[in-house]
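Structure first, commentary second.
Each value in this text was obtained by applying a stated rule to the coordinates, not by laboratory testing. Just so it is clear, the structure is predicted and the values come from calculations on it, not from any experiment. Because the Cβ atoms are built from the backbone with ideal geometry, glycine has one as well, and the counts that use them run over all protein chains shown.
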Ligand code: SR1
Ligand code: MG
């Protein structure tokens with residue numbers, strides 16, 4: 001992997017992307033290359049370049065503004081550095097679960113990485129009804145390893161604080177602070193929802209118990225620099241197949257609460273479950289159960305083998321950390337479900353439900369579930385309790 005600083009930033013075109021990979025020698029000489037811009041996310045350009053044998057490379061380039069909002073929302077290009085650095089840190093302990101990086105350029109805000117087009121974005125596959133049998137296991141292992149080995153439990157205090165500095169990510173954290181933790185809980189213009197949900201949204205805005213609990217969870221996001229989190233681990237940030245899982249797009253990475261990524265992963269599986277008939281929901285709840293069990297197993301194994309913390313062997317300390325992570329995860333999951341339903345950025349799992357009346361009912365159920373998870377997180381102690389809470393939220 002090589003790292004460069006060009007003299008000036010400019011957004012790439014498809015032909016400029018081809019010229020770049022040719023100049024870098026990322027394909028064999030005389031390759032016949034074709035390129036398509038395939039970015040369908042909110043923030044970046046993504047170029048898929050393939051040769052005559054269909055071997056490919058991805059070039060991802062950060063834009064200086066949020067594509068989903070428009071040029072009026074400027075965003076630092078530094079997130080390209082954050083993303084490639086996070087992928088490299090994650091690869092140190094969980095290389096099977098992240099794309100390989102071939103090249104980065106901080107000024108052009110570019111990362112060249114492994115083409116994963118033999119896999120499918122998990123959200124799209126789950127919407128089609130695919131099961132991805134190893135998804136929960138793989139995400140549990142990825143999180144158990146990356147969240148432990150980048151925490152104070154595995155690092156010396158100076159090294160950890162260097163990483164906190166390296167992964168200081170104010171612009172992307174601000175997006176989360178606003179669009180995840182704040183705006184959906186007030187009558188703000190950035191929110192977006194069907195008129196039929198207005199009463200439900202108003203109920204949320206007027207629910208002072210819910211708002212107090214959201215405030216506490218936001219405070220955790222703002223202040224608890226426990227470990228290097230992915231920061232946006234929804235099912236659109238995961239490529240999967242029957243046998244492989246790769247976590248992409250860690251541009252929101254920063255030092256945050258251990259439960260944050262777990263909560264977002266759980267939430268996105270629960271929203272997919274809500275979109276399905278009851279008979280097809282269990283597979284999502286099973287993924288949640290497996291992800292947590294494998295996370296707990298990996299984190300505990302690493303704690304026992306590799307903890308540098310003097311108190312690591314004190315009875316009850318590991319359980320305290322895991323219980324806190326689980327409770328936080330449930331709360332973060334609830335907030336993610338609410339913001340994906342009435343906030344700025346939605347998920348196709350809910351938005352694509354047909355007919356329209358069923359979509360509205362599913363979204364009402366999502367809002368009820370989200371509120372319940374935030375408010376009752378202290379009494380939801382296990383993934384079985386979470387599954388029960390899910391099942392007990394009726395379709396209205
Ligand atoms: C303004 S960006 C909206 C959302 O897209 C990203 O994937 C994050 O989830 C962010 O909250
Ligand atoms: Mg993303």
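Cα-based Rg of the range 195-239 per 2.2 N^0.38 Å, rounded to two decimals? Mind dumping the intermediate values first?
Details: Rg = 15.1 Å, N = 45, 2.2 N^0.38 = 9.3 Å.
With N residues counted in the range 195-239, Rg over 2.2 N^0.38 Å equals 1.62.
Once you wrap a convex hull around the alpha carbon atoms of the chain, what is its projected area averaged over all directions, in nm²?
Working: hull surface 78.5 nm².
Directional mean of the projected Cα hull area for the chain stands at 19.6 nm².
Nearest 10 degrees is fine. How inclined is helix 208-223 to the longest principal axis of the chain, computing both from alpha carbons? That works out to roughly 30 degrees.
Sorting the Cα pairs of the range 296-396 by distance into bins of 10 Å, from 0 upward, gives 14, 35, 25, 16, 8, 1 percent per bin. Here the range 67-178 has an Rg and Dmax of 16.4, 47 Å, counting Cα atoms alone.
Antiparallel beta bridges, as assigned by DSSP with both residues in the chain, represent about 90 percent of the total such bridges. Share of pairwise Cα-Cα distances greater than 22 Å in the range 1-134 is 42 percent (whole percent).
Report, as a whole number in µm² per second, the diffusion coefficient that Stokes-Einstein gives for the range 253-292 at 25 °C and 0.890 mPa s using the Kirkwood radius over alpha carbon pairs. Taking Rh from Cα pairs, D becomes 225 µm²/s. The alpha-carbon positions of the range 305-363 define a convex hull whose volume is 132 Å³ per residue. Relative to the current alpha-carbon distance between residue 223 and residue 54, full extension at 0.36 nm per residue lengthens the span by 56.3 nm. Subtracting the Cα-Cα distance of residue 156 and residue 358 from 0.36 nm times their residue separation leaves 67.5 nm of extension gain.
Mean shadow of the range 1-52, computed from the convex hull of its alpha carbons, in nm²?
Values: hull surface 17.8 nm².
Its Cα hull, projected and averaged over all orientations, spans 4.4 nm².
Going by average Cβ neighbours within 10 Å, how do the peptides 333-346, 14-27 rank, with the highest at the top?
Working: 333-346: 25.1, 14-27: 16.0.
Highest mean packing first, the order is 333-346, 14-27.
Against the chain, whose longest principal axis comes from its Cα atoms, helix 135-149 is set at around 80 degrees. Note on the range 324-396 and the range 195-251: Cα centroid distance 11 Å, given to the nearest whole angstrom.
Assuming R0 = 22 Å, can you tell me the calculated FRET efficiency for the pair residue 71 and residue 13, based on Cβ-Cβ distance, to the nearest 0.05? Efficiency for this residue pair is about 0.80. Convex hull volume of the C-alpha atoms in the range 144-251, normalised per residue: 147 Å³.
Could you state the per residue volume, in Å³, of the convex hull enclosing the Cα atoms of the range 121-184?
Expressed per residue, the convex hull around the Cα atoms of the range 121-184 is 131 Å³.
Extent of the range 337-396 along its three principal axes (Cα atoms, max minus min coordinate, largest first): 34, 22, 16 Å.
Helix 317-342 axis versus longest C-alpha principal axis of the chain: approximately 80°, rounded to the nearest ten. Each residue, residue 212 and residue 304, gets one label point 7 Å from its Cα in the Cβ direction; the gap between the two is 4.1 nm. Ellipsoid fit via the Cα gyration tensor, the range 182-323: semi-axes of 31, 22, 15 Å, each the root of five times an eigenvalue, largest first. Here the range 143-182 and the range 3-37 have alpha carbon centers that stand 31 Å from each other.
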